[in-house]
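Note sheet for the following structure.
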Amino acid sequence: MRPLSPHLQIYRPQITSVLSILHRITGFALSVGLLLLAGLIISAAFGQQSFDLVRGQMSTWYGYILLMGWSWAFYYHLCNGIRHLFWDIGKGFELSTVTTSGWAVLLASLTMTVVTWVYVVQRSSIVSELLSNANVQ
Amino acid sequence: MPMSSSPRDLGSAKSGSHHWLAQRVSALALIVLSLWLVANLLGLVFTPFGNYVYWLKNPINAVGLILFFAASFYHSALGLQTIIEDYIHRACIRWAVLLLVQGLTVLLAVGSIFSVIFVALK
């Protein structure tokens, strides 16, 4: 077994440590998301009815909250993963660079999430769909 | 004995760096594949069933989706393995959870890839 950090709770949270654990948390969340994406694709093999059943769950208020969470988790893990790949080739290790690239990753992931959802809302009928769902209930 | 300039071939374990390298290689593939998929899904995910089937009948999309599932399930299994090995300290439980997670990964990977082919060719 490899050594683990002792007494994690006594350290003051820093941008470096917070982003590091976020990479693991988003990675885990994305694994769960991948499971559900696979579920959607597999449901399509069973025909339109089962596909619509799964897709219908995505078009609910909790579905959208989860999808927004996953979209941020995806962009974060992507951007921070690229940051990791630069470290792997030995670049960006200066403390100031690590801090700057960390904030850049956070900003980039949030921007990409907002841009994605502005695009989706403009393109699709999400708002009217949600409203009609609410009216049915 | 062959000379080596890289730590890849050194050490008694021989394959100790495989997990590390596999994670990076699948990560590189996923940068391209996941961005490609997101760009496609954005136009697709809130449209009717027929649009998805039509999209999959294009061989480029079917192959892209299969590659995405292969790379992402592989990358996910490697990451989950690290998490499990870090946090589950009792060896028998660790092995059981690892076996379960990796079994589930293989099942879902095969299931989703087969579904892609099934829908694309139907």
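At-a-glance table
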| read-out | value |
| --- | --- |
| Check on B:ALA27, buried (at least 16 other Cβ atoms within 10 Å of the Cβ), touching a helix residue (DSSP H, G or I) at 6+ places or on another chain (Cβ under 8 Å) and more than 8 Å from chain A (Cβ to nearest Cβ) | no |
| Pairs with Cβ under 8 Å, 6+ apart, first in segment A:84-107 and within 14 Å of chain B (Cβ to nearest Cβ), second part of a loop (DSSP other than H, G, I, E, B) | A:PHE86/A:GLY92; A:TRP87/A:PHE93 |
| Residue in segment A:32-55 that is surrounded by 15 or more Cβ atoms within 10 Å (Cβ to Cβ) and closer than 20 Å to A:LEU110 by Cβ present | yes |
| Flag for A:SER43 being closer than 30 Å to A:HIS84 by Cα, facing chain B (nearest Cβ under 10 Å) and part of a helix (DSSP H, G or I) | no |
| Residue check, A:ALA104 touching a Gly at 6+ places or on another chain (Cβ under 9 Å) and among the small types (Gly, Ala, Ser) | no |
| Yes/no for A:VAL127 being under 20 Å from A:GLY27 (Cβ atoms) and either within 19 Å of the chain's Cα centre (by Cα) or hydrophobic (A, V, I, L, M, F, W, C) (or both) | no |
| Any chance A:ARG24 is crowded, with 20+ Cβ neighbours inside 10 Å and either basic (Lys, Arg) or touching a Leu at 6+ places or on another chain (Cβ under 8 Å) (or both) | no |
| Tally of residues being within 14 Å of A:THR60 (Cβ to Cβ) and open to solvent by 60 Å² or more (accessible area, probe 1.4 Å) across segment A:115-127 | 1 |
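Yes/no matrix, rows are residues, columns are (1) modelled with pLDDT of 95 or more; (2) more than 13 Å from the chain's Cα centre (by Cα); (3) open to solvent by 80 Å² or more (accessible area, probe 1.4 Å):
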site	(1), (2), (3)
A:PRO3	no, yes, yes
A:ILE15	no, yes, no
A:TRP61	no, yes, yes
A:TYR64	no, no, no
A:CYS79	yes, no, no
A:ARG83	yes, yes, no
A:PHE86	yes, yes, yes
A:PHE93	no, yes, yes
A:LEU106	yes, no, no
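Each row is one residue, and each column tells you yes or no for (1) assigned to a helix (DSSP H, G or I); (2) under 25 Å from A:GLN49 (Cβ atoms).
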{"position": "B:SER34", "(1), (2)": "yes, no"}
{"position": "B:VAL38", "(1), (2)": "yes, no"}
{"position": "B:ASN51", "(1), (2)": "yes, yes"}
{"position": "B:ALA62", "(1), (2)": "yes, yes"}
{"position": "B:SER72", "(1), (2)": "yes, no"}
{"position": "B:GLY79", "(1), (2)": "yes, no"}
{"position": "B:HIS89", "(1), (2)": "no, no"}
{"position": "B:VAL97", "(1), (2)": "yes, no"}
{"position": "B:ILE113", "(1), (2)": "yes, yes"}
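Per-residue answers, yes or no, for (1) of a type in the set (A, V, I, L, M, F, W, C); (2) open to solvent by 20 Å² or more (accessible area, probe 1.4 Å):
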| position | (1), (2) |
| --- | --- |
| B:ASP86 | no, no |
| B:LEU98 | yes, no |
| B:ILE113 | yes, yes |
| B:PHE118 | yes, yes |
| B:LYS122 | no, yes |
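The values are calculated or read from the model by the stated rules, or taken from the named source; none is laboratory data. Quick caveat, the model's predicted, so the values are computed rather than measured. Cβ: placed from backbone, ideal geometry, glycine included. Neighbour counts: every protein chain shown. All accessible areas refer to the heavy atoms of the entire protein, side chains included, with ligands and DNA or RNA removed. Shrake-Rupley method; radii C 1.70, N 1.55, O 1.52, S 1.80 Å.
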